[in-house]
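I have placed the structure first, in the form of structure tokens, so that the comments after it can refer back to it.
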């Protein structure tokens, strides 16, 4: 096989990996969400509440929301480290055991830190570290369940819930804090964590313990594409987070209003894309890159026009839009890469790389705080423009390579040619295996197929392995590449 053929095949696998299932299947499957998907949403809601978590700040004699302080940096460092460690250490089948321990630990130390606030600094710091460690384990469990227990439609709904709940929780938390300061910073997250722990007892143990362990082949280009795109998003989001326009130039209330208007518009766009376009992930990344560039252009224009407040507000609107589109697409991209696979080694490597990026992002935020906006916007408008051109060029090139690949045709197997690479599935598969085969080509996962055919998961998995053997394929991607054009 020539180098050009290998290149086309690599890009073809990248396109197929991140292409959504058929839209009619997605719209029908939206009505078949499992209880496990609701449990994953509860995990996500708990993580969202941590964004506004009340904690003991040992630099201030108060129980307050996150501020730029040493406490937040320590919390972030411990949380990310434990999340990566959880993915590295825990086997998928031990996820629920970690949750039975980590959630009560977070609840106990959260209450303890509230009781001792402003009195015992050392114990308050220890409580903060324990809470961060527990939240990190919860985050690792959410990642494993999101990837291995949910099908594509459930991941889409969960991603939408994660992004949407961030906005709703922020508004609700602020409203509760107006009634009483501790109602939003302490009572609300405590109730969510208690509800999460109760929900754990209603989840089918099979769904969170019997996660399949199967080392399918994952080619390097889809993995590299995902890692680079998500890493770029993390760093650019950190830069956005570090931007603080002086209060004498803009009203903080209106900056939040414009930011969340952008968030809402971003939600609308990603939902429309993922429900009505099979190539939503690729289009979303292009949209994110363009609006990231536009945000810096608004910031630079505001400086050039005498610190125009309107342009700053438009900058915050585009930042909110870009952040949500990027966050949503990053989550879906990770899920698509590992869909119907349990490639533990690749997941561990990806977790380490993205974990390091998250830690670097925290350093970037602190650095940007001390950088003059003029220098920041001057540099970033060119960096973001270059990034946009690179992303768009890569997407176009990938699609051109994918389109130019030779399309495999299914032909009956001839006894005189046993070496033939393409096996006619209808000649070798049993009726049950044929049904599973056709649903696999439609983009359904094994758990979803089990529900569709009213079969046990083990039975579907048995047919799945037989299909691989009879059709001489090593992965779902290879199966779709060979036989997808026939369906």
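Looking across 288, 254, one residue alone is touching a residue at least 24 places away in the same chain (Cβ under 8 Å) and over 17 Å from residue 381 (Cα atoms). It is 254. For segment 233-247, indicate whether the set of residues that are more than 23 Å from residue 364 (Cα to Cα) and in a helix (DSSP H, G or I) is non-empty. No, segment 233-247 has no match at all. Just one of the listed residues (262, 355, 335) is over 15 Å from the mean Cα position of the chain (by Cα) and either surrounded by fewer than 24 Cβ atoms within 10 Å (Cβ to Cβ) or modelled with pLDDT of 85 or more (or both), namely 262. Do we have residue 467 as modelled with pLDDT of 70 or more and under 26 Å from the mean Cα position of the chain (by Cα) here? No: the conditions fail for residue 467. Scanning segment 468-477 for residues that are in contact (Cβ under 8 Å) with a residue 40 or more places away in the chain and either within 16 Å of residue 219 (Cα to Cα) or assigned to a helix (DSSP H, G or I) (or both) turns up 470, 471, 474, 475, 476, 477. Within segment 236-250, being touching a residue at least 12 places away in the same chain (Cβ under 8 Å) and exposed (fewer than 15 other Cβ atoms within 10 Å of the Cβ) holds for 244, 249.
When residue 369 is tested against (1) free of Cβ contacts under 8 Å to residues at least 40 places away in the same chain; (2) surrounded by fewer than 16 Cβ atoms within 10 Å (Cβ to Cβ), exactly one condition is not met: (1).
So is residue 444 surrounded by fewer than 14 Cβ atoms within 10 Å (Cβ to Cβ), at pLDDT below 80 and in a loop (DSSP other than H, G, I, E, B) or not? In short, no. The residues on offer are 162, 150, and the sole one that is buried (at least 23 other Cβ atoms within 10 Å of the Cβ) and closer than 30 Å to residue 444 by Cβ is 150. Restricting 73, 81, 113, 127 to residues that are under 19 Å from the mean Cα position of the chain (by Cα), more than 17 Å from residue 46 (Cα to Cα) and at pLDDT 75 or above narrows the list to 81.
The values are calculated or read from the model by the stated rules, or taken from the named source; none is laboratory data. Treat the numbers as computed from the prediction; the structure is a model and nothing was measured. So basically every Cβ, Gly included, is an ideal-geometry build from the backbone, and we count neighbours across all protein chains shown.
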